[in-house]
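Here is the structure we will look at, set down as structure tokens.
The values are calculated or read from the model by the stated rules, or taken from the named source; none is laboratory data. Since the model is a prediction, treat every value here as computed from it, not as a measurement. Ideal geometry is used to build each Cβ from the backbone, glycine not excepted, and the neighbour counts take in all protein chains shown. Just the protein is used for accessible areas: all its heavy atoms, side chains included, with ligands, DNA and RNA removed. Shrake-Rupley method; radii C 1.70, N 1.55, O 1.52, S 1.80 Å.
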Amino acid sequence: MRVLLANPESKVWSSRKQIPLGLGYLAAVLRDNGHEVAIFDAAVEDEPFEHYLDRTHFDMVGVTATTPMIYEAWVMAQQAKARGKWTILGGAHLTIMPMESMEHPYVDFVAVGEAEDTLLELVTDLETTGGKHLGDVAGIVWRNEAGKVIMNRPRVLDSAIDRFPFPAHDLFKIDQYTNLQPLTDGLDPNARSFIIMTSRGCPYKCNFCSKPVTGDTWRARSVENVLAEWRWLVRDMKATEIGVTDDIWNMKLDRAKELCRRIIEEGLNTVPWVTVHGMKVNHTDLELFQLMKAAGCKRVGFGVESGDEYILKKVIRKSQTLDMVREAFKHAQAAGLQTMGFFIFGMPEETAETMDKTIEFALELDPELANFMIAAPFPGTRMYDLLEKHGNIFSEDWHDFAIHDQKARFQIGDLDPQLVEEKWHEAYRRFYLRPNRLMQRLLSKDTWVNAPARLADARRMFLSKKGNAPAAVGKTDGAYQ
Ligand code: B12
């Protein structure tokens with residue numbers, strides 16, 4: 001079968017284009033099983049999706065979506081259906097709310113959860129039997145001849161993830177991503193950046209996070225399997241920057257150290273890498289950071305979230321203490337790594353005092369980069385469920401759930417939304433407008449290297465505000481990634 005896998009372009013933000021890795025995995029599985037497959041990432045294509053559909057001949061179109069992207073995904077499915085294609089949606093939002101999309105007649109299927117096996121089984125059944133065994137494909141929601149929507153049994157998460165092929169990195173128009181800051185908070189906006197996922201899932205239960213696809217069980221690829229992909233990216237795909245994008249790549253400290261040692265032994269440590277998402281401080285020590293540095297890592301990110309022990313422990317349930325965070329930063333900085341902190345304002349039960357503590361803590365830790373966000377209640381999270389019952393979520397527009405602007409999104413108890421926004425502004429002001437920071441920025445090469453991209457961002461933001469250009473991104477789409 002000829003399958004097109006598509007990623008929508010965000011209307012709320014998107015100057016940072018990042019490879020939709022999930023589509024890479026699906027494409028590799030389909031290709032390895034003899035199907036024709038292509039990837040259309042609207043965020044980097046320079047032709048409208050409809051034009052592309054009209055000049056190509058796919059049988060099926062699959063679209064991916066996180067919550068803020070779902071409307072754009074529906075539009076793409078509608079355009080595909082209007083041209084007689086099979087349509088299937090998948091990704092985080094669909095896994096959390098599959099039935100919402102099945103209300104639309106132009107959506108034939110929804111894949112719930114990890115879908116490497118699901119999509120292959122579906123395509124195989126449609127191709128070989130015309131869909132006689134759709135009821136047997138775990139992990140899909142479909143509509144029978146009578147028009148009844150049926151949710152099949154869930155796809156069980158497989159721990160042997162070494163069996164999945166490497167994502168079809170070669171199907172991504174990698175040069176289109178360059179100078180578009182391909183790695184969120186990457187090192188060089190002009191890098192040939194690739195992302196790699198060395199494990200899936202996370203056992204921690206932070207109130208703002210849902211892990212709808214990868215789940216609560218940590219499943220690791222073997223060090224040799226990860227190394228083989230890393231070698232491919234460095235040697236064949238000519239990566240000049242790599243982003244490790246696991247939920248929690250260092251869950252097993254020894255494995256993380258072993259991976260670094262192998263990267264060093266193989267001489268792959270010439271390509272700089274970063275941890276795109278927050279490393280968990282609970283599984284770190286000085287030796288790990290020293291090995292990461294020697295393995296080419298330049299920057300590590302930490303999900304700090306709050307500077308208040310009560311908010312951290314009782315509200316977010318982050319299972320880390322402020323002292324554990326202090327130790328991780330001290331060790332990372334001692335190892336010569338740049339650091340980045342993700343901080344959240346406006347959690348339930350927050351006050352001026354608790355948010356002041358978060359600002360003070362950010363100033364104390366003093367990372368190179370601090371990402372301050374305003375809490376966003378994504379569906380499928382404990383925070384969303386709490387607010388649904390006892391709070392007031394301001395918007396039902398999924399676009400408003402994107403973390404890119406300084407707007408409070410809910411009210412609960414004594415939490416003052418306006419105060420949250422004020423503290424968010426204050427955090428940026430007090431952190432980045434410190435004289436030594438301003439001097440650092442003025443003198444740093446990054447500032448001048450990134451200036452063109454940032455000016456382009458600012459110009460797009462300005463034009464988009466005037467409603468005649470694609471939206472641009474602020475500095476804030478960090479923590480919930
Ligand atoms: C890398 C990452 C990013 C990257 C890249 C996003 C991207 N487009 O890939 C960046 C940094 C840009 C990012 C940004 C955001 N992210 Co993010 N991100 C992740 C992260 C850590 C890994 C995603 C990934 O690569 N997974 C690996 C692959 C294997 O899984 P997958 O992509 O889900 O794909 C599998 C299935 O979902 C399914 N599938 C996916 N698409 C499709 C399509 C079809 C047709 C089919 C059949 C199946 C299918 O099959 C795939 C293979 O198994 C996840 C956490 C996680 N562990 O999943 C959060 C996560 C997806 N992000 C999240 C969020 C909220 C965001 C932001 C909205 C934050 C913000 N700024 O507002 C933005 C949205 C940007 C966007 N373009 O969608 C949430 C999504 C929750 C939700 N309700 O949607 C997650 C789950 C984090 C969390 N723990 O809550 N993110």
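Using Cα pairs closer than 8 Å and at least 6 residues apart in sequence, work out the relative contact order for region 178-463, in percent.
On the way: 491 pairs, mean separation 43.4, N = 286.
Dividing the mean separation by the residue count of region 178-463 yields 15 percent.
With just the Cα atoms defining each centre, how far is region 245-292 from region 136-151? Give it in Å.
42 Å
How many nm separate the modelled label positions at Arg326 and Lys11, each set 7 Å beyond the Cα in the direction of the Cβ?
4.8 nm
Determine the relative contact order of the chain: mean sequence separation of Cα pairs under 8 Å and six or more apart, normalised by residue count, in whole percent.
Relative contact order here is 13 percent.
Using 15 Å as the cut-off for backbone N distance, which residues of region 342-370 belong to the label zone defined by a point 7 Å from the Cα of Gln418 along Cα→Cβ?
352
Find out how many positive minus negative residues lie around Leu233, taking Lys and Arg as positive, Asp and Glu as negative, among other residues whose Cβ is under 13 Å from that of Leu233.
Numbers: positive: Arg192, Arg231, Arg235, Lys238; negative: Asp170, Glu229, Asp236, Glu241, Glu266.
Charge balance in the 13 Å sphere: -1.
Excluding ligands, DNA and RNA, what is the solvent-accessible area per residue of the chain at a probe of 1.4 Å, expressed in Å²?
41 Å²
Within the set of other residues whose C-beta is less than 10 Å from the C-beta of Arg382, count the net charge using Lys and Arg as +1 and Asp and Glu as -1. Can you show the working numbers first?
On the way: positive: Lys205, Arg317; negative: Asp385.
For residues surrounding Arg382, the net value is +1.
With r defined as the distance between the Cβ atoms of Tyr432 and Ala352 and R0 fixed at 25 Å, what FRET efficiency is calculated, to the nearest 0.05?
Working: r = 21 Å, r/R0 = 0.83.
After rounding to 0.05, the efficiency reads 0.75.
Taking the highest mean first, how do the peptides 96-108, 284-296 order by number of other beta carbon atoms within 10 angstrom per residue?
Numbers: 96-108: 17.7, 284-296: 19.3.
Final packing ranking: 284-296, 96-108.
Ranked by accessible surface with a 1.4 Å probe, highest first, in what order do Thr217, Thr351 come? If you can, show how the numbers build up before the last one.
Working: Thr217 90, Thr351 55 Å².
Largest accessible area first, the list is Thr217, Thr351.
Of the accessible area of region 2-151, with the probe set at 1.4 angstrom, what percent is carbon plus sulfur?
Working: 3030 of 5710 Å².
That share works out to 53 percent.
Given the Cα-Cα distance of Glu360 and Lys389 and 0.36 nm per residue of separation, how much length would full extension add, in nm?
Numbers: separation 29, 0.36 × 29 = 10.44 nm, distance 3.23 nm.
The span from Glu360 to Lys389 would gain 7.2 nm if fully extended.
So, counting K/R as plus one and D/E as minus one, what does the shell of residues with Cβ under 10 Å around Pro105 add up to? Don't skip to the answer; put the middle values down first.
Details: positive: Lys81, Arg143; negative: Glu103, Asp108.
With Lys, Arg at +1 and Asp, Glu at -1, the neighbours total 0.
Measure off, as a whole percent, the carbon and sulfur share of the 1.4 Å-probe accessible area of region 239-392, all protein chains present. Could the numbers behind the result be given before it?
Values: 2630 of 5320 Å².
Accessible surface attributable to carbon and sulfur in region 239-392 totals 50 percent.
Rounded to the nearest 0.05, what FRET efficiency is calculated for Gln338 and Ala146 with R0 set to 60 Å and r the Cβ-Cβ distance? Working shown, then result.
Details: r = 58 Å, r/R0 = 0.97.
Efficiency for this residue pair is about 0.55.
So, in nm, how far is label Met99 from label Leu157 when the simple model puts each one 7 Å beyond its Cα toward the Cβ?
It works out to 2.4 nm between the two label points.
For Asn33 and Glu47 in one chain, what is 0.36 nm times their gap in residues minus the Cα-Cα distance, to one decimal in nm? Walk me through the numbers on the way to the answer.
Values: separation 14, 0.36 × 14 = 5.04 nm, distance 2.90 nm.
Separation in residues times 0.36 nm, less the Cα-Cα distance, equals 2.1 nm.
For the chain, what are the DSSP H helices with axial Cα length of 15 Å or more and mean Kyte-Doolittle hydropathy of at least -1.0? Provide the component values of the computation, followed by the final result.
Working: long enough: 21-32 (17 Å, 1.07); 70-81 (16 Å, -0.05); 116-129 (20 Å, -0.06); 253-265 (18 Å, -0.54); 322-334 (18 Å, -0.31); 352-365 (20 Å, 0.08); 417-432 (23 Å, -1.41); 445-465 (30 Å, -0.58).
Span-like helices here: 21-32, 70-81, 116-129, 253-265, 322-334, 352-365, 445-465.
Between Arg55 and Arg231, what length comes free when the chain is fully extended (0.36 nm per residue of separation minus the Cα-Cα distance, one decimal in nm)? If you can, show how the numbers build up before the last one.
Numbers: separation 176, 0.36 × 176 = 63.36 nm, distance 3.59 nm.
Between Arg55 and Arg231, full extension yields an extra 59.8 nm.
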